[in-house]
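K.L.:
Attaching a single structure in structure tokens format; questions to follow.
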Amino acid sequence: MFATETIAGSIFRIRQSDSRGSQTKEILIPVRATDQAALLHHHLTLTRRARDNAATMASKRTSTFVSIESRFPGLLEKVRQVFRDTENAYEGGDNPESFLWEHTMHVASIADQLARAEGLHPQIPVIAALFHDAGKFADGKYHRDGTIEEEESARIAGPLLREFGMKPADITRVLSGVKALYNEQSRKNRIGAILHDADFLSKFGAMGVASFFTKATLRGRTLRSAVIGYLSKELTYAACLPLNMHTAAGKKLATRKARDSVRFFRSLLDELREARIAALEVRPIRIPYPSRANKSLTVQLVVSPACPECGGDWDMGWSTEKGVKCEKLNMDWRCSHCGKQLETSFCLPEIV
Ligand SMILES: [Fe+2]
């Protein structure tokens, strides 16, 4: 026996029960309202066997978000509120939207995809992803008193998940996955590895490019200043993305996302040059990876081919230093003709 109903506006529920009326299976499917009538009609006209097959297929596709909402009703909304409130407290505004929540949803959806590909049940990785940045603006401050943000995220997640009735063992898995992100355990902790990869992957591909420019706009940068100031880092990370991954599924996705980002940014540089907004080129430079014997890394420098003041050639130098959280690259250019100087520095991507 099958019973169907629509719950929560856009979620379609199919329940299967045996001859005594005991429920044997429940499937939740997110659907648009316009699809619901068709789905119902389709469901009612299928043979029993075909219905079983359709139900199995549907359950495979059922979104992890829907099953989280069904298991912990209201949790997603509660986490969204945490982001919106702390981000507003930090910005001093009253924005109903949250940039960090958008990023969070994106990371959670990639974590879902990676967990499935790695043969892990996606619920815990997705919930951990929902909290991975929750402590970024804890109490309206960015990195409050130098506290590590993943510790803050875990501090927020623990009581909230208890309140929603999650089992203590599962809470421990969520928290240790989140904390593994900063203490270099993320390669050994499978949930941490998925979070690490999902977080980096979210910065590349179409969504990654979109958030690069969203961030630039929020910080008052033009296309030109965003590209001059930050594209070297973006392209260097894109080129190394597969090397930075901790999971096989992440590595596979990284190859495609990195290629999409690089292709887009190269076209953008061509168009900026044609429009005479910025004449820049990409110069790849291979450097030995600091503190890793026999490892090297290609840095993708986005530079003007000659000094913009006098057209003279650049003398270029670079050095690396150990920063707080990373190995830092410092680059400087000096015009050999007029002496104009340019500097840039950024954290080098970690390579596995
Ligand atoms: Fe993140």
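K.L.:
If you scan segment 184-200, which residues turn out to be surrounded by fewer than 17 Cβ atoms within 10 Å (Cβ to Cβ) and either within 16 Å of the ligand (Cβ to nearest atom) or charged (D, E, K, R) (or both)?
P.N.:
Listed by number, the residues that qualify are GLU184, ARG187, LYS188.
K.L.:
Further question on the same structure: Among the residues of segment 90-127, write down those that are of a type outside the set (D, E, K, R), assigned to a loop (DSSP other than H, G, I, E, B) and at pLDDT below 90. I'd like the intermediate steps shown before the answer.
P.N.:
Keep residues of segment 90-127 that are of a type outside the set (D, E, K, R), which gives 90, 92-93, 95-96, 98-101, 103-111, 113-115, 117, 119-127.
Of the ones still in play, those that are also assigned to a loop (DSSP other than H, G, I, E, B) are 92-93, 95-96, 98, 119-122.
If the condition is that a residue be of a type outside the set (D, E, K, R), assigned to a loop (DSSP other than H, G, I, E, B) and at pLDDT below 90, then GLY92, GLY93, ASN95, PRO96, SER98 are the ones that fit.
K.L.:
With respect to CYS335, is the statement that it is outside the structural domain of ASP112 (by TED's automatic domain parsing), modelled with pLDDT of 90 or more and hydrophobic (A, V, I, L, M, F, W, C) true?
P.N.:
yes
K.L.:
All but one of (1) touching an Asp or Glu at 6+ places or on another chain (Cβ under 9 Å); (2) over 30 Å from ARG116 (Cβ atoms) hold for HIS246; state the number of the condition that does not hold.
P.N.:
Of (1) touching an Asp or Glu at 6+ places or on another chain (Cβ under 9 Å); (2) over 30 Å from ARG116 (Cβ atoms), only one is false for HIS246: (2).
K.L.:
Here is a follow-up. Pairs, please: C-beta under 6 Å, at least 6 apart or cross-chain, first residue farther than 24 Å from VAL262 by Cβ and in segment 298-314, second buried (at least 16 other Cβ atoms within 10 Å of the Cβ)?
P.N.:
Sorted first by the residue in segment 298-314, then by its partner, the pairs are CYS307/CYS335; GLY312/CYS335.
K.L.:
Out of segment 297-327, which residues are at pLDDT 90 or above and among the basic types (Lys, Arg)?
P.N.:
none
K.L.:
Going by what's in this entry, would ALA180 be described as free of Cβ contacts under 8 Å to residues at least 40 places away in the same chain and more than 13 Å from the ligand (Cβ to nearest atom)?
P.N.:
yes
K.L.:
Only one residue in ALA249, ALA216, ALA258 is of a type in the set (A, V, I, L, M, F, W, C) and touching a Cys at 6+ places or on another chain (Cβ under 9 Å). Which one?
P.N.:
ALA258
K.L.:
Taking segment 155-174 as the search range and keeping residues that are touching a residue at least 24 places away in the same chain (Cβ under 8 Å) and away from the ligand (no atom under 15 Å from the Cβ), which one is farthest from MET105 (Cα to Cα)? Break it down into steps so the answer makes sense when it comes.
P.N.:
Of segment 155-174, the ones touching a residue at least 24 places away in the same chain (Cβ under 8 Å) are 156-157, 160-161, 164-166, 170, 173-174.
Within this subset, residues satisfying the condition of being away from the ligand (no atom under 15 Å from the Cβ) are 160-161, 164-166, 170, 173-174.
On the way: LEU160: 18, LEU161: 18, PHE164: 19, GLY165: 22, MET166: 20, ASP170: 20, ARG173: 20, VAL174: 16 Å.
For segment 155-174, the residue satisfying everything is GLY165.
K.L.:
So, of the residues in segment 98-154 that are over 15 Å from ASP199 (Cβ atoms) and of a type in the set (Gly, Ala, Ser), which turns out to be nearest to the ligand (Cβ to nearest atom)?
P.N.:
The selected residue is SER98.
K.L.:
Right, something else. Identify all residues within segment 134-156 that are modelled with pLDDT of 80 or more, crowded, with 23+ Cβ neighbours inside 10 Å and closer than 15 Å to TRP101 by Cα; write none if there are none.
P.N.:
Once the filter is applied, which keeps residues that are modelled with pLDDT of 80 or more, crowded, with 23+ Cβ neighbours inside 10 Å and closer than 15 Å to TRP101 by Cα, segment 134-156 yields ALA134, GLY135, SER153.
K.L.:
State which residue pairs qualify: first residue within 28 Å of ILE191 (Cβ to Cβ) and not assigned by TED's automatic domain parsing to the domain that holds PRO125 and inside segment 90-109, second residue aliphatic (A, V, I, L, M) and away from the ligand (no atom under 11 Å from the Cβ) in any location, beta carbons under 6 Å apart, and separation of 6 or more residues or different chains.
P.N.:
none
K.L.:
I would also like to ask the following. I want to confirm something. Restricting to segment 201-224 and keeping residues that are touching a residue at least 60 places away in the same chain (Cβ under 8 Å) and closer than 22 Å to ASP112 by Cβ, which single residue is nearest to the ligand (Cβ to nearest atom)?
P.N.:
SER202
K.L.:
Another question, then. Residues that are of a type in the set (Val, Ile, Thr), part of a loop (DSSP other than H, G, I, E, B) and either on the phi > 0 side of the Ramachandran plot or loosely packed, with under 12 Cβ neighbours inside 10 Å (or both): does segment 270-292 have at least one?
P.N.:
Within segment 270-292, the subset of a type in the set (Val, Ile, Thr) is 277, 282, 285, 287.
Add one more test, that the residue is part of a loop (DSSP other than H, G, I, E, B), and what stays is 277.
So of that shortlist, the ones also either on the phi > 0 side of the Ramachandran plot or loosely packed, with under 12 Cβ neighbours inside 10 Å (or both) come out as none.
No, that holds for no residue.
The values are calculated or read from the model by the stated rules, or taken from the named source; none is laboratory data. Bear in mind that the values here come from a model prediction, so they are computed numbers and not experimental data. Neighbour counts run over all protein chains shown; Cβ positions are idealised from the backbone, glycine included.
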